[in-house]
1. Take residues that are among the hydroxyl-bearing types (Ser, Thr, Tyr) and tell me which of the strands (runs of 3 or more DSSP E) falling wholly in region 29-144 contain 2 or more.
2. Filter region 90-115 for residues that are of a type in the set (A, V, I, L, M, F, W, C) and in contact with a Phe, Trp or Tyr (Cβ under 8 Å, 6 or more places away or on another chain) and give the result.
3. Name the single residue that is surrounded by the fewest Cβ atoms within 10 Å (Cβ to Cβ) among those in region 79-99 being in contact with a helix residue (DSSP H, G or I) (Cβ under 9 Å, 6 or more places away or on another chain) and more than 20 Å from Glu53 (Cα to Cα).
4. Could you tell me how many of the residues in region 56-67 are surrounded by 11 or more Cβ atoms within 10 Å (Cβ to Cβ) and farther than 19 Å from Ala143 by Cα?
5. For region 101-140, how many residues are in contact with a His (Cβ under 9 Å, 6 or more places away or on another chain) and aliphatic (A, V, I, L, M)?
6. Within region 101-110, is even one residue of a type in the set (D, E, K, R) and touching a residue at least 12 places away in the same chain (Cβ under 8 Å)?
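Where a number appears in this text, it was derived from the coordinates with a stated rule and is not lab data. Predicted model, so just to flag it, every value in this text is computed and none were measured. Counting neighbours? That spans all protein chains shown, and the Cβs are built from the backbone with ideal geometry, glycine included.
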Amino acid sequence: MKRILSVLSLIAAVMMIASCEGGAETTATTKATALPLHGYTIAGNDITFYMNEVDYPSFDEVESMTLAGEFNGWDPAAAEWQMTDDDGDKVWEFKTTLDKTPVGSKFKYVSNQVDWNQPAADKLDKKYLADDGFGGFNLVIVAE
């Protein structure tokens, strides 16, 4: 009887550990799919930009990501505008304020300081897009 209880306890422990490992993956997946396709959220005067690699599948392995736009002279290598992916979920983030990135500003995400990523224009409301003058689109900060 003690042996059966020991085996059942071991099985229960293994199942609990396995479900915990899957939970982190589910959280990352949920976060990535819950992000707005237009690439940012606004809360008061704070704005957080999100670049989900799933939404931009046409580029090479990403080593760095820059937020480039009218607010920083379209600089693809600006150190103070580098995005981060601290948890490795392929969702790059950058937090700032609307004072620095005003409503109406145009921007793009630049991977590895050279690849100007095109937004999924066919999936976005046109209010989030502006012609970039090169046959593609910029994203636009819109007050919600």
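1. 40-43, 46-52, 91-97, 106-111
2. Val91, Trp92, Phe94, Phe107, Val110
3. Glu80
4. Residues that pass the stated criteria total 6.
5. Residues meeting the conditions: 4.
6. yes
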